[in-house]
Amino acid sequence: RADPSRGRLRNFIKVALRNYLADCQKRVRSQTRGGHRGIFSLDALPKGNTPDELQDFRGQTPDEVLDAAWKDEIFQRATTLLRELYNLEGKEKYFKVFADYFLTGADTVGYKDLASRYSLSETDISNYLMQSKKRFREIVISLVASTVSGTESLSQEVDWMFGDSKP
């Protein structure tokens, strides 16, 4: 029953999630002594979701958890699309520079290191990063645009995605 004219898809998902969780809590409270509950095996978790690798969500509201997951999913898709776009254009090096600078999590990688690694000038590194950031942002905007209606909602959502405002 999602209606784009009534607001953002993410807000719809949040309300649906709240309602689902409320229904689950009702069911749990109505069961006595856990009679209908199955056993959850931590050994059955897929790779990447072992207890040591799961994010600790304590202290976060369900809205905050969903917001983080939403942003992560959009950024993951945008990263994949940027890689595919550069591969199609034969500009794999652009993506490698972008990934090494923004996605590795290493705070110490600089233009000089990247220039040496890829046999480019620091000016080229700067240009590659500037173009890649612009294209990444355009991809994120197009992905977000498919989940909202109206330019105001799009602007608010994009501002939030890039940390310029609250959700």
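The values are calculated or read from the model by the stated rules, or taken from the named source; none is laboratory data. What you see is a predicted model; the values in this text were computed from it and never measured. Ideal geometry is used to build each Cβ from the backbone, glycine not excepted, and the neighbour counts take in all protein chains shown. For the accessible areas, the whole protein counts, side chains as well, though only heavy atoms, and no ligand, DNA or RNA atoms are used. Shrake-Rupley method; radii C 1.70, N 1.55, O 1.52, S 1.80 Å.
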Subject >> Hits in segment 58-79 (condition: more than 13 Å from VAL144 (Cα to Cα), assigned to a helix (DSSP H, G or I), open to solvent by 60 Å² or more (accessible area, probe 1.4 Å) and without any contact (Cβ under 8 Å) to a residue 24 or more places away in the chain) >> reply: GLU64
**OP:** Kindly list the number of the only condition in (1) at pLDDT 70 or above; (2) open to solvent by 70 Å² or more (accessible area, probe 1.4 Å) that fails for LYS14.
**Re:** (2)
Original post:
Can you name every residue in segment 80-115 that is over 20 Å from GLU138 (Cα atoms) and either open to solvent by 70 Å² or more (accessible area, probe 1.4 Å) or among the hydrophobic types (A, V, I, L, M, F, W, C) (or both)?
Top reply: THR104, ALA106, ASP107, THR108, VAL109, TYR111, LYS112, ASP113, LEU114, ALA115
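Residues checked against (1) of a type in the set (Lys, Arg); (2) closer than 30 Å to LEU21 by Cβ:
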{"site": "GLU73", "(1), (2)": "no, yes"}
{"site": "ALA78", "(1), (2)": "no, yes"}
{"site": "LEU81", "(1), (2)": "no, no"}
{"site": "LYS91", "(1), (2)": "yes, no"}
{"site": "ALA99", "(1), (2)": "no, no"}
{"site": "LEU103", "(1), (2)": "no, no"}
{"site": "ALA145", "(1), (2)": "no, yes"}
{"site": "VAL148", "(1), (2)": "no, yes"}
{"site": "GLN156", "(1), (2)": "no, yes"}
Original post:
Has segment 121-141 got any residue that is on the phi < 0 side of the Ramachandran plot and touching a residue at least 60 places away in the same chain (Cβ under 8 Å)?
Top reply: yes
